[in-house]
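A short worksheet on the structure shown next.
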Amino acid sequence: MPALRDLLEARVAAPAGFDPSGETAYVLSDLTGTPQLYRLPASGGNLEALTATPEPVRAQPIPRRGGLLVSIDDGGNEREQLYVHTGEPGAELEPLVVEPEFVHRDTCFTRDGAQLAYVCNRRNRVDFDVYVRELESGEEHCVFERGGMCSTAGFSPDGRFLVVRRPSHRSSDEDLWLVEVTTGTAELVTLHDGEAEYRDPQWLEDGSAFLCANNAGRDTLALARYVPTSGSWELVLESEWDLDCWIDDHSATLLVEANEHGYSRLELRDPHSLELRHPVELPGHGVMGLLYERPWFSPDGSRLAYQFTSPLVPGDVWIAETGSGRCERLTRSPGAPDPSELVEPSLHRFASFDGESIPVYLYEPAGEAPPPVVFMIHGGPEAQLRPIWSALAQYFASEGYAVAGPNVRGSTGYGKRYEHLDDVELRLDSVRDLAALLDALADAGRVDPERAVLYGGSYGGYMVLAGLAFQPERWAAGIEIVGISSLVTFLENTSEWRRAFREREYGSLERDRDFLASASPLTRVDEIRAPLFIIHGANDPRVPVGEARQIHRSLTERGIRCELLIYEDEGHGLKKLKNKLEAYPKAAAFLQDVLATIPVAAPWPSG
């Protein structure tokens, strides 16, 4: 079976668009240990390096004009700065918008590449405003200044309007504003009752309408058409699952993704009639793209570049022909393990403490005795664990652990109702889901309940600590990465621009402080008795490193085994391979050492 280091060494690639001719494809790959920018012929070939920075980069092509916009932060601090690259090997990055004390994000271009929109918090370091910049002259002006964590969502085809997404004060609720670029006049186009989420609008080429995935007035995300001249919305495509969509610049092809049980199903449809043309023949049972990786149409719309990943496939770039839906592999990243040596998870549902049905992906190792189990808990909490590549899940399964990946209440992907089941005072109900899942797996003889471990990052790290603090009798150990130990100190110390945004989900320091304290693992630190391994980045702007230091100090003072790794060049999670190769083997060795002291359960009786 593959060693942990070999699994971690598996490289991945994702698309970053095409050059104006469509003959060259741009790719982000972590060949050097951090994601960097490369190019290769769109018909296939060898990667040519375009960047070689110590920090991960993100990139997108500049339409029609050529070259790329490149975003880079410093040590994971998420204060991204903007540069231009010509797209030629050996070219240097040219500074475009560089103000290291501020954040620059959510970039998008007009279709002629003449103007760039981005959001920045330079006004007061808290609120994000939207700026439009003329690339040729360097002149820019603020077009939207209403505060909050707003983001750009695309220009109209003629560049006259810019759509801006802005969250409200309610959890998982936002609005779209149609901003006239020259005057800054902003029109609210999403009047709705209750909470609603909106994805990026996809404009028809003539600007007469756009399609937008949203869940206004319904439980799941469906496609609706908005007509600016009439201000009207019309539901045009719906499913029992969440949908999202992308349209090429010529309005020739609509790509629709259905998120079915976490797996991607792709279709090519007519953008006007929504008639189905072809399914996209994905190379396996998996997901189109890791987190934040979007598909890209070629300039003429004949090709579609996307990333495919699954529990058996680390992730590479594929090209779909939009005329047929047929796919061919574009990149072959090194280090991919033999799928026959890996474990494919099965999808199950179990009834939680109140009868709520909770989905879980279960990796089961070979062997007769009930195995130890690692619960891998996603962050968010407004997120979904999907069946994508996980080196750690495969390693644990190869070492004889069962791995359970639950989407506890509060996860996305299962409808609006389900997503709100953990809001504010309901926070600990999601922790109760973990105990119910452990009971269900143990009762079925699939795991050893005496050797159950919690693993998670970010909000998943909070879940790890909460499980250890509120259910101390159930868990043998915990591994938490960039986790929240106190909801109070987290909200007090998170970056200024994130505080109000996160209070929508967790509760307000002003109104809900007592509850936030009562739901914090640090408040119940005396109850924790399981050993804990912690990984954190010193530059984390989301969950400050003080969250790790205070729980480590408290447990150490109480004589509980607790190991802490802090990386000075990382932020919210480990992005650099050299750090992963050090941290994760240490965490695995820690876990093995802890569980070695616990007797193995007898085999479950047959019959």
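The values are calculated or read from the model by the stated rules, or taken from the named source; none is laboratory data. Because the structure is a prediction, the values reported are computed rather than measured. For neighbour counting, all protein chains shown are included, and Cβ atoms are generated from backbone atoms with ideal geometry for every residue, glycine included. Please note that ligands, DNA and RNA were not included when accessible areas were found on the heavy atoms of the full protein model with its side chains. Shrake-Rupley method; radii C 1.70, N 1.55, O 1.52, S 1.80 Å.
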- Query: Is it true that Pro585 is of a type outside the set (Lys, Arg) and surrounded by fewer than 17 Cβ atoms within 10 Å (Cβ to Cβ)?
  - Reply: yes
- Query: Are any of the residues in the stretch 269-279 in contact with a Phe, Trp or Tyr (Cβ under 9 Å, 6 or more places away or on another chain) and over 23 Å from Gly405 (Cα atoms)?
  - Reply: no
- Task: Could you tell me whether Ala530 is within 20 Å of Ala452 (Cα to Cα), surrounded by 17 or more Cβ atoms within 10 Å (Cβ to Cβ), touching a strand residue (DSSP E or B) at 6+ places or on another chain (Cβ under 6 Å) and aliphatic (A, V, I, L, M)?
- Result: yes
- Note on the structure: Taking the stretch 334-367 and keeping only residues that are out of contact with any helix residue (DSSP H, G or I) (no Cβ under 6 Å at 6 or more places or on another chain), farther than 20 Å from Ala393 by Cα and in a loop (DSSP other than H, G, I, E, B), one is left with Asp354, Gly355, Glu356
- Message: Given the options Leu342, Leu304, name the one that is within 24 Å of the chain's Cα centre (by Cα), of a type in the set (A, V, I, L, M, F, W, C) and more than 13 Å from Glu281 (Cα to Cα).
- Response: Leu342
- Query: Only one residue in Val179, Val97 is in contact with a strand residue (DSSP E or B) (Cβ under 9 Å, 6 or more places away or on another chain), more than 30 Å from Gly537 (Cβ to Cβ) and open to solvent by less than 30 Å² (accessible area, probe 1.4 Å). Which one?
  - Reply: Val179
- Query: Pick from the stretch 368-396 the residues that are open to solvent by 10 Å² or more (accessible area, probe 1.4 Å), in a helix (DSSP H, G or I) and of a type in the set (A, V, I, L, M): which of them is farthest from Arg11 (Cα to Cα)?
  - Reply: Leu392
- Matching entry among Arg524, Arg451 (being crowded, with 23+ Cβ neighbours inside 10 Å, touching a helix residue (DSSP H, G or I) at 6+ places or on another chain (Cβ under 6 Å) and more than 27 Å from Lys575 (Cβ to Cβ)): Arg451
- Within the stretch 279-310, the count of residues that are open to solvent by less than 60 Å² (accessible area, probe 1.4 Å), part of a strand (DSSP E or B) and not hydrophobic (A, V, I, L, M, F, W, C) comes to 5
- Just a yes or no: is a residue in the stretch 223-236 under 25 Å from Thr309 (Cβ atoms), modelled with pLDDT of 95 or more and under 19 Å from the mean Cα position of the chain (by Cα)? no
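Output the number of residues of the stretch 553-582 satisfying the condition of being of a type in the set (Gly, Ala, Ser) and surrounded by fewer than 16 Cβ atoms within 10 Å (Cβ to Cβ). Break it down stepwise before answering.
Step one: list which residues in the stretch 553-582 are of a type in the set (Gly, Ala, Ser), which gives 554, 559, 571, 573.
Next cut, surrounded by fewer than 16 Cβ atoms within 10 Å (Cβ to Cβ) only: 559.
The number of residues fulfilling the criteria is 1.
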- Task: Kindly check whether there is at least one residue in the stretch 136-148 that is in a strand (DSSP E or B), within 27 Å of the chain's Cα centre (by Cα) and not hydrophobic (A, V, I, L, M, F, W, C).
- Result: no
- Of the conditions (1) of a type in the set (Lys, Arg); (2) surrounded by 21 or more Cβ atoms within 10 Å (Cβ to Cβ); (3) out of contact with any Pro (no Cβ under 6 Å at 6 or more places or on another chain), Arg498 clears all except one; give me its number. (2)
